[in-house]
Amino acid sequence: MIVLGLIVLSAFLIQCSNSKNKNAESPVVKPNILLINIDDMGWRDVGFMGSEYYETPNIDALASDGMIFTNAYASAANCAPSRAAMMSGQWSQRHGIYTVGTSERGKSKTRKIIPTQNTEELPESQYIITEALKDAGYTTCHAGKWHITKDPTTSGFDVNIGGSHAGNPGSYYPPYKNVPSLIAPSDDYYLTNLVMDKTLDFLNSLKEEPFFLYYSPYAVHTPIHPVKELLPKYENKTEWNGQNNAKYATMVENLDIQIGRMIANLKASGKFENTFILFISDNGGLYKVTKQWPLRAGKGSYYEGGIREPMFAYWKGKIEAATKSEIPVTNLDFYPTILEVAGIRKPIDKVLDGQSILSVMKGDKLDERPLYWHFPIYLEGGNKETQDPVFRTRPGSAIRLGDWKLIQYFENNDLELYNLQDDISEKNNLAGSNLEKVEELLSMLEIWRTETNAPIPTKLNPDYKGE
């Protein structure tokens, strides 16, 4: 009996030990994170947002397996400030990047006031999302356009594929003028394809560690260099809703093909199942290249066509497939959302101007909140859908709250008020007929600028020659 008791006790202790070891050997597996930030892709430049001209089957399939956001916004209307805000999680007035290059764009004689001086590089003091992920054990890779410092590897990236301060490639065919770090394998090798080749090399080099991949191809930014083998199918294709640029269409489809390659790689390696994906564009489509109707204007403008973006989120088993959200969100929300996805606490001293929208992706509501934009700068290139034919942007600020959007311009204190539910095209300025709503939103805008030390240019330009 004593021997039998010892045997039973021994078996019990072994079972307990095995149970403890099993629990100890099952740590929580961190999700991989893939952030796709397309350059200059407009709100309607993809099939999942309704385009019947551009062909994006791989992107559309991925979007249909996740949640599509119909009211997603960039934090700025052109490249550098939008990217700086997304990576830092902060409005432009906190880091000083308001535009690309100088803020004194256009002819001096047409600028009534002297704009706020622009900062062209994100300060080193900024603790961006990449650094938070790297410090949490992620292997990090940047692929494509960077545009906010000279070198992504000084901002938390382990691997840099073609990223620098360049805002466009100069050429999509060799030699890639502004991307000398990438050497083409042949004389006609398309840059977007090469960036994906190198991206797949990175993915194939990974073992078990979680990764953060910031896939931000130069496409579909100018120059508009067609993918030659795709051009014939679009040259006689019927125009849709103002979209008819065959050369640009080949760039969109080729981008979709490359994303398809990446998704196929993730699936083949078994990484896809545990990968959280965010897809967005950095600003609206370029008006002379592509139209976003019914949205007004395009890149560089703070009308909807310049800041509303195609966006979806995917995470197998966490985000329900074939869902949509009409809740207004912004790329400022990406930093806190990614932190929550990765299980990382917000850095104590870090100010984040967005909020996590992971709960929205899981089906919850979000308390109504204002979205803000501040652009104390000039941006030339106006067209018939912008404020005037001279500038796409004149110095000002904007706010969206619920269905209402107010734009204030600083030169003459011009105000524009739109109800986006009734007037998504922003054709009917209600500022003169709804003074109560103007007062409400303008007061919120003024308080916000004060609290964030947003500079308001007021000094008159001596070179100004009048309207």
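The values are calculated or read from the model by the stated rules, or taken from the named source; none is laboratory data. Every value quoted in this text rests on a predicted model; they were computed, and no experiment measured them. Neighbour counts are summed over all protein chains in view; Cβ atoms, including those assigned to glycine, are modelled from backbone coordinates with ideal geometry.
Per-structure values
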{"quantity": "Segment 370-408 - residue that is of a type in the set (Asp, Glu) and without any contact (Cβ under 8 Å) to a residue 60 or more places away in the chain and, of those, nearest to residue 86 (Cα to Cα)", "calculated": "403"}
{"quantity": "Every pair of residues 6+ apart whose Cβ atoms lie under 9 Å, when the first sits in segment 288-314 and is modelled with pLDDT under 95 while the second is charged (D, E, K, R)", "calculated": "none"}
{"quantity": "Residue that is in a loop (DSSP other than H, G, I, E, B) and either of a type in the set (A, V, I, L, M) or touching a helix residue (DSSP H, G or I) at 6+ places or on another chain (Cβ under 8 Å) (or both), where the choices are 424, 447", "calculated": "424"}
{"quantity": "Enumeration of residues in segment 369-405 that are outside any loop (DSSP other than H, G, I, E, B), out of contact with any helix residue (DSSP H, G or I) (no Cβ under 8 Å at 6 or more places or on another chain) and surrounded by fewer than 19 Cβ atoms within 10 Å (Cβ to Cβ)", "calculated": "380"}
{"quantity": "Where a residue in segment 227-243 is over 20 Å from residue 286 (Cβ atoms) and its partner, wherever it lies, is assigned to a loop (DSSP other than H, G, I, E, B) and not hydroxyl-bearing (Ser, Thr, Tyr), with Cβ under 7 Å and at least six apart", "calculated": "none"}
{"quantity": "Lone qualifier among 153, 116 - being surrounded by fewer than 24 Cβ atoms within 10 Å (Cβ to Cβ) and assigned to a helix (DSSP H, G or I)", "calculated": "153"}
{"quantity": "Matching residues, segment 231-270, being within 24 Å of residue 297 (Cα to Cα) and β-branched (Val, Ile, Thr)", "calculated": "238, 250, 252"}
{"quantity": "Residue 333 modelled with pLDDT of 95 or more and outside any loop (DSSP other than H, G, I, E, B)", "calculated": "yes"}
{"quantity": "Selected residue (only one of 214, 248 is at pLDDT 95 or above and within 15 Å of residue 172 (Cα to Cα))", "calculated": "248"}
{"quantity": "Matching residues in segment 63-113 - criterion: being without any contact (Cβ under 8 Å) to a residue 60 or more places away in the chain and among the small types (Gly, Ala, Ser)", "calculated": "96, 101"}
{"quantity": "Cβ-Cβ under 7 Å pairs, at least 6 apart or on other chains, segment 149-167 side of a type in the set (Lys, Arg), far side surrounded by fewer than 19 Cβ atoms within 10 Å (Cβ to Cβ) and assigned to a strand (DSSP E or B)", "calculated": "none"}
{"quantity": "Segment 320-368: number of residues that are more than 24 Å from residue 61 (Cβ to Cβ) and under 20 Å from the mean Cα position of the chain (by Cα)", "calculated": "16"}
{"quantity": "Count of residues meeting criterion [among the polar types (S, T, N, Q), surrounded by fewer than 19 Cβ atoms within 10 Å (Cβ to Cβ) and under 29 Å from the mean Cα position of the chain (by Cα)] in segment 406-445", "calculated": "6"}
{"quantity": "Residue that is surrounded by the most Cβ atoms within 10 Å (Cβ to Cβ) [pool: residues in segment 159-173 that are farther than 11 Å from residue 223 by Cα and not small (Gly, Ala, Ser)]", "calculated": "161"}
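Here's the yes/no breakdown for (1) under 16 Å from residue 396 (Cα atoms); (2) outside any helix (DSSP H, G or I); (3) at pLDDT below 95:
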site: 72; (1), (2), (3): no, yes, no
site: 99; (1), (2), (3): yes, yes, no
site: 120; (1), (2), (3): no, yes, no
site: 132; (1), (2), (3): no, no, no
site: 141; (1), (2), (3): no, yes, no
site: 147; (1), (2), (3): no, yes, no
